[in-house]
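Trainee: The following block contains the structure, expressed as C-alpha cells.
The values are calculated or read from the model by the stated rules, or taken from the named source; none is laboratory data. Everything quoted here is computed from the prediction, not taken from an experiment. For neighbour counting, all protein chains shown are included, and Cβ atoms are generated from backbone atoms with ideal geometry for every residue, glycine included. Areas reflect the complete protein model, heavy atoms only, side chains present, ligands, DNA and RNA absent. Shrake-Rupley method; radii C 1.70, N 1.55, O 1.52, S 1.80 Å.
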Amino acid sequence: MEIRQLAVFLAVAEERNFTRASTRLRTTQSAVSATIRALEVELGAELFDRSARQIEVTDAGHALIPKARAVIDSAAEAQDAVDLVKGTVTGTVSVGFMTSVTLVDIPGLLGEFARTYPAVRVQLRASERGAGGLAALLSSGELDVAFLASSADPAPDLRVKELASSPLLLAVNDDHPWASRESVELAELAGQTFIDLPLGFGTRSIIDRAFADAGLERDVRFETVDIAAAAALVVNGLGVAFLPEFVVAAEPRLHALTVPGDTLRLTVSVAISRTRRHSRAARMLWELATSRVAPGL
C-alpha cells in the first residue's frame, strides 16, 4: 500500500466521482480507476459501491478514511520537518470559500500567499451547502482552511477569526411601495415574498434566526446559491431580500432599507480545525489570513 494510493482513495471518497477526483489530482480518470482497483485487490474489499449513478463509500471504505487521513497527515508532517531544515514551505492546502461573498478579497490574499510560498499547491473548493457545509468539511478533514460567511456560533472543534462584516439591508426594487422609505420594522415583513439563499448558508441562517426570535414567519418563495442572482430577482420584482450592503451598493436599481437592531449583520471569518494537525503550509495561510482583519473587528 502506497501513500499515493491513499491520496487517490481520499480524493474519490471526498468527490464521490472518479472524473472530479481525476481533475483534482491532475491525472486521467483511467489512472484513478486503476489505482482504486489495485488498492481494493490489495485490501481484499470493495471501497466504493459503483452500482448507483453517484458512487458511494462502502463500510470498508468508511473504515479506511480516518486511517488514510492519518497516513497522509504523517507524510505531510515528515515533509514539513525536512522543509523546516531547508527553509522552504511545500505541500498542498485545500481551501473552501463562498463564491459570491466578496467582503474579503480572497483572490488577492491567495495571490499574496502564492507569491510568498510558490512551491505550495492550493486546491480551491466552492461551497455547495453554504457555511455549514464548509464547516463540516473542515471538521472531517476534507478542507484545511475555509472562509465562512455567517454570524452563527462556530462549532467547538473549529478555530475561527472574524475578518470583516457588513450590515444586511432589506433590498426592494424601485416599484416597491417601500422604495421611498429608509427603514422598516421586522414585524412589517411578515407578509412579504422573500428571495434567499438555501438553508445552511450564512445569510439565510441569520435572517431565519432573527424571525424565529421575534416569533415571526416569512414566505421564502425563491432560493438561489448566488447572491448576485438574488439581487437580480429583486430588481425584477419577484420579491424582497436581505442582502449585504456591498451587494446592494453595486446595483443602482435596488433601494435599501435598514431594520432597527444590530443582529442583522453578515460576518466573514477564516476557520481552521482545532483538533486536527495542520501542515506548515496551512498554518502559513491561516496566519496570513488572520493578519487581514478589517479595522473595528
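Trainee: Provide VAL225, VAL268 ordered by accessible surface of protein heavy atoms (probe 1.4 Å), highest first.
Mentor: Values: VAL225 85, VAL268 5 Å².
The ranking, largest first, comes out as VAL225, VAL268.
Trainee: Another question, if that's okay. Give me the number: length gained by fully extending ASN236 to SER51, i.e. 0.36 nm times residue separation minus the C-alpha to C-alpha distance, one decimal in nm.
Mentor: Contour length minus Cα-Cα distance gives 62.2 nm.
Trainee: What figure, in Å² to the nearest 10, do you get for the accessible area of SER279 with a 1.4 Å probe and non-protein molecules left out?
Mentor: Result for SER279: roughly 20 Å² accessible.
Trainee: Label points 7 Å out from Cα along the Cβ direction at SER140 and GLU77: separation in nm?
Mentor: 2.4 nm
Trainee: Only residues of the range 255-274 count here: report those whose backbone N is under 18 Å from the spot 7 Å along Cα→Cβ of ASP157, or say none.
Mentor: Within reach of a label on ASP157, which here means backbone N under 18 Å from a point 7 Å along Cα→Cβ, the range 255-274 contributes 271-274.
Trainee: If I model a spin label as a point 7 Å beyond the Cα along the Cα-Cβ vector, how far apart are those points for ALA70 and ARG253 in nm?
Mentor: For the pair ALA70/ARG253, the computed spacing is 5.7 nm.
Trainee: When the chain is treated as a GNM, springs tying every alpha-carbon pair under 10 Å, which of SER140, SER205, SER183 comes out with the largest mean-square fluctuation?
Mentor: SER183
Trainee: Hey, what number do you get for the chain at 222 nm if only DSSP H runs of n ≥ 4 count, each worth -39500 (n - 2.57), divided across all residues, to the nearest 500?
Mentor: -13000 deg cm²/dmol
Trainee: Another question, if that's okay. Based on DSSP, what percent of beta bridges with both residues in the chain are antiparallel, to the nearest 5?
Mentor: Values: 23 of 38 bridges.
Given both bridge residues lie in the chain, the antiparallel proportion sits at roughly 60 percent.
Trainee: Let me ask another. So how much accessible area does HIS176 have, in Å² to the nearest 10, using a 1.4 Å probe?
Mentor: 30 Å²
Trainee: I would also like to ask the following. In Å², and per residue, what accessible area does the range 1-136 have when probed at 1.4 Å with the other protein chains present? Please report the intermediate quantities before stating the final value.
Mentor: Numbers: 7310 Å² over 136 residues.
So the range 1-136 comes to 54 Å² accessible per residue, rounded to a whole number.
Trainee: In the chain, if the dipole is taken from +1 on Lys/Arg beta carbons and -1 on Asp/Glu beta carbons about the Cα centre, which of SER273, ALA11, LEU84 is farthest to the positive end?
Mentor: It is LEU84, whose Cα lies furthest towards the positive end.
Trainee: Same structure, new question: Using alpha carbons only, how many degrees (0 to 90, rounded to 10) separate the axis of helix 3-15 from the longest principal axis of the chain?
Mentor: That works out to roughly 30 degrees.
Trainee: Each label point is 7 Å from the Cα along the Cα-to-Cβ direction; what then is the distance between the points at VAL41 and THR88, in nm?
Mentor: 3.5 nm
Trainee: Given a 1.4 angstrom probe, what's the average accessible area per residue across the range 142-182, in square angstrom? Intermediate results must be reported in sequence, preceding the final value.
Mentor: Working: 1870 Å² over 41 residues.
In whole numbers, the range 142-182 has 45 Å² accessible per residue.
Trainee: Once both axes come from the Cα atoms, what is the angle between helix 29-43 and the longest principal axis of the chain, in degrees from 0 to 90, rounded to 10?
Mentor: The angle comes out near 60 degrees.
Trainee: Another question, then. With a 1.4 Å probe and every protein chain kept in, tell me what percent of the accessible surface of the range 1-104 is carbon plus sulfur.
Mentor: Carbon-and-sulfur percentage of accessible area, whole number: 55.
Trainee: Using heavy-atom solvent-accessible surface (probe 1.4 Å) with all chains present, what is the largest-first order of ASP144, ASP175?
Mentor: Greatest to least solvent exposure: ASP175, ASP144.
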